[in-house]
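The values are calculated or read from the model by the stated rules, or taken from the named source; none is laboratory data. Computed from a prediction, not measured in an experiment: that's the story for all the values here. Cβ atoms come from the backbone with ideal geometry, glycine included; neighbour counts cover every protein chain shown. Quick note on the areas: whole protein, heavy atoms, side chains included, nothing else; ligands and nucleic acids left out. Shrake-Rupley method; radii C 1.70, N 1.55, O 1.52, S 1.80 Å.
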Amino acid sequence: MAQLLDGKIASQKILDMVREGIVTSTQFNFRKPGLAVIVVGDNPASQVYVGHKLRACESVGIFSKEYRLPASASMEEVKLAIDELNRSPNIDGILVQMPLPPHLDAIDLVTRIDPSKDVDGFTPHNLTRLLQGRTGLFPCTPLGVMRLLEMNNIAVRGKHAVILGRSLIVGRPLLAMLLDANATVTVTHSHTEHLKEICQTADILFAAIGRPGFVEGSWIKPGAVVVDVGINRVTNPSEVPYLKASEPERYSQLVNKGSLLVGDVRFGEAEKIASFITPVPGGVGPLTVAMLMSNTLHAYRTRKK
Ligand SMILES: NC(=O)c1ccc[n+]([C@@H]2O[C@H](COP(=O)([O-])OP(=O)(O)OC[C@H]3O[C@@H](n4cnc5c(N)ncnc54)[C@H](OP(=O)(O)O)[C@@H]3O)[C@@H](O)[C@H]2O)c1
């Protein structure tokens, strides 16, 4: 049976370090670090994610502010809000919560954020620094994935890492981080041929595609490390036909409660083959928030200098 890569334990350790870092940095009456979250519209999933972020801020001592704009807000209105936060001396981190209403251009808006306050790491400035192998503010989910491996003493140097998914949030920045850590990396996407065979060659398999139970146990090389970034809410057992046989307790949970979070990997099948595996929920998810706190402290310290 695979060993669990517990994201809750790892994220608590990171949050504890951030809390201690803030106590040290704010002695002699320095102001607290500040994080601003811009939310456009009322996407229910966004409300949940923003709630997690604001609670995490409170728990470590970061001052946080939520800026709500109506779903009808124009590009100009969102840019004005970003400009105001760019100028604010009490704000060290700015993030625009995704997804945005379809009429808004997310990349254009994110590019407007002052790179020194870009705690999501999506501005061209920080993405370039990531590709150059320099320091900067980098995307939280892949940062969290790398920290989780590090904290569990899983070396990536020389290993074949396979990433499923090439999004700007996960797959692409993770590629740069893995290359920097001297892994040999294959990035796959929806046009990739022979996906199962490629996955079977992975020493470390990262799944970030957003499809419940897409990766079957037979796709995993015996002893591989499996990191499941996917978070998918399913409400109908027909969406996860494999679950009844491989995870009967979770299947009953789905039937009884009418909803369940599952990853992109069939956990019950994969845990019998892998050496290490992340659960969903409780794997990569908590680390994303912890790395956001860590990035905010980093931005604060850099700006304070
Ligand atoms: N744990 C966390 O904190 C966290 C953070 C972010 C995202 N997530 C989760 O991670 C998952 C992915 O998120 P995302 O934002 O990266 O998604 P995304 O922007 O929709 O990207 C999905 C990627 O998966 C690829 N893909 C889709 N179907 C595929 C298939 N059949 N075979 C191979 N590749 C396929 C797509 O390929 P193409 O490029 O060819 O379309 C795309 O590159 C979601 O479940 C999301 O909820 C979790």
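I'd like the full set of residues that are within 23 Å of Leu5 (Cβ to Cβ), away from the ligand (no atom under 11 Å from the Cβ) and not aliphatic (A, V, I, L, M), limited to region 121-156. Within region 121-156, Gly121, Phe138, Arg147, Glu150, Asn152, Asn153 meet the criteria.
When region 173-200 is filtered for residues that are in contact with a helix residue (DSSP H, G or I) (Cβ under 6 Å, 6 or more places away or on another chain), within 29 Å of Thr123 (Cβ to Cβ) and among the hydrophobic types (A, V, I, L, M, F, W, C), the ones remaining, listed by number, are Leu174, Ala176, Met177, Val185, Val187.
Out of the residues in region 226-269 that are of a type in the set (Lys, Arg) and within 15 Å of the ligand (Cβ to nearest atom), which is least open to solvent (accessible area, probe 1.4 Å)? Out of the qualifying residues, it is Arg266. Residue count for region 13-45 satisfying the condition of being farther than 30 Å from Val78 by Cβ and without any contact (Cβ under 8 Å) to a residue 40 or more places away in the chain: 8.
Restricting attention to region 204-225, the residues being within 10 Å of the ligand (Cβ to nearest atom) and either of a type in the set (Asp, Glu) or open to solvent by 70 Å² or more (accessible area, probe 1.4 Å) (or both) number 1.
The listed residues are Thr192, Thr201, and the only one of them that is part of a loop (DSSP other than H, G, I, E, B) and either on the phi > 0 side of the Ramachandran plot or more than 10 Å from the ligand (Cβ to nearest atom) (or both) turns out to be Thr201. The set of residues from region 157-189 being more than 12 Å from the ligand (Cβ to nearest atom) and closer than 21 Å to Gly285 by Cβ comprises Ala161, Met177, Leu178.
Note on region 270-301: among residues that are in a loop (DSSP other than H, G, I, E, B) and charged (D, E, K, R), the one that is nearest to the ligand (Cβ to nearest atom) is Glu271.
Residues in region 130-142 that are over 15 Å from Ala299 (Cα atoms) and open to solvent by less than 50 Å² (accessible area, probe 1.4 Å): Leu130, Gly133, Thr141, Pro142.
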